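Below: one structure, written as structure tokens.
Every read-out reported here was derived from the displayed coordinates using simple, explicitly stated rules and does not represent laboratory data. What you are looking at is a predicted structure, and each value in this text was computed from that prediction instead of being measured. Cβ: placed from backbone, ideal geometry, glycine included. Neighbour counts: every protein chain shown.
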Amino acid sequence: MPLLNSATRLVTKPLPRVISPRAHAVCDYLVIGSFLAGAGWFWPRNKRAAAAAAICAAAELGLTLLTDYPSRVESIIDLSTHCEIDLGLAAMSAAMPEFMNFADEKEKTFFLAQGVLVTAVSQLTRIDTRRSYARSKKSSARAA
């Protein structure tokens, strides 16, 4: 895991979990949007950075669409697992400049910042392990 992500994880570990699952979903879509905006911004001058941003956006979107958020009817991944996978995606984001061979260019900063942001949001999310949102909706629909 990149150094900045590890430092962020250490700093946020003792802090209270203040981000609700719904707010985490909003943050995920904002991260996806910023990756897509980055892809558009980087395209004219750095195709590798643009491709890396698009890959990161697609990975985060796929994870978000599979996650059990309060407003979803069907889902595959619970929020706890989502947060663990988010840490991997944050590391992937921070490592993309080396992987796509633009580590010496200024676009690297964008990917490092995104990795830190995703790590912080993941670490500060309040997870209710006793509740699965999709299952509670299904059981309440059957009871009615």
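Report, to the nearest 10°, how far helix 21-42 tilts away from the longest principal axis of the Cα atoms in the chain, using its own Cα long axis and a range of 0 to 90°.
20 degrees
With unit charges on the beta carbon (Lys/Arg positive, Asp/Glu negative), name the residue among Phe111, Pro44, Ile32 whose Cα is farthest towards the positive pole of the charge dipole of the chain.
Ile32
Hey, can you grab everything whose amide H is under 5 Å from the amide H of Ile77? Only 5+ residues off in sequence or another chain; H modelled, so Pro and N-termini drop out.
Amide H neighbours of Ile77, under 5 Å, 5+ apart: Thr67, Asp68.
Using Cα atoms only, what is the angle between the long axis of helix 79-99 and the major principal axis of the chain, expressed in degrees (0 to 90) to the nearest 10?
10 degrees
Taking every alpha carbon pair in the range 38-102, what does the distance histogram look like in 10 angstrom bins from 0, in percent?
For the range 38-102, the binned pair fractions read 21, 42, 25, 12, 0 percent.
Quick one: helix 3-12 against the long Cα principal axis of the chain, what's the angle to the nearest 10°, folded into 0 to 90?
Roughly 30 degrees, rounded to the nearest 10.
Rounding to the nearest 20 debye, state how big the charge dipole of the chain is about its Cα centre with +1 on each Lys and Arg Cβ and -1 on each Asp and Glu Cβ.
With only Lys, Arg, Asp and Glu charged at Cβ, the dipole is about 520 debye.
Looking only at Asp68, Asp104, Asp86, which one moves most when the chain is put into a Gaussian network model with springs between Cα atoms under 10 Å?
Its mean-square fluctuation being the largest, the pick is Asp104.
Which of these, Ser93, Ser80, Ser122, has the largest mean-square fluctuation under a Gaussian network model of the chain (Cα springs below 10 Å)?
Ser80
For a quick check, take a GNM of the chain with Cα springs below 10 Å and name the residue from Ile76, Ile55, Ile32 with the largest mean-square fluctuation.
Ile76
Which entry in (i) 45, 17, 15; (ii) 34, 21, 15; (iii) 31, 17, 10 is this structure's computed semi-axes √(5λ) of the Cα gyration tensor in Å?
Correct label is (iii).
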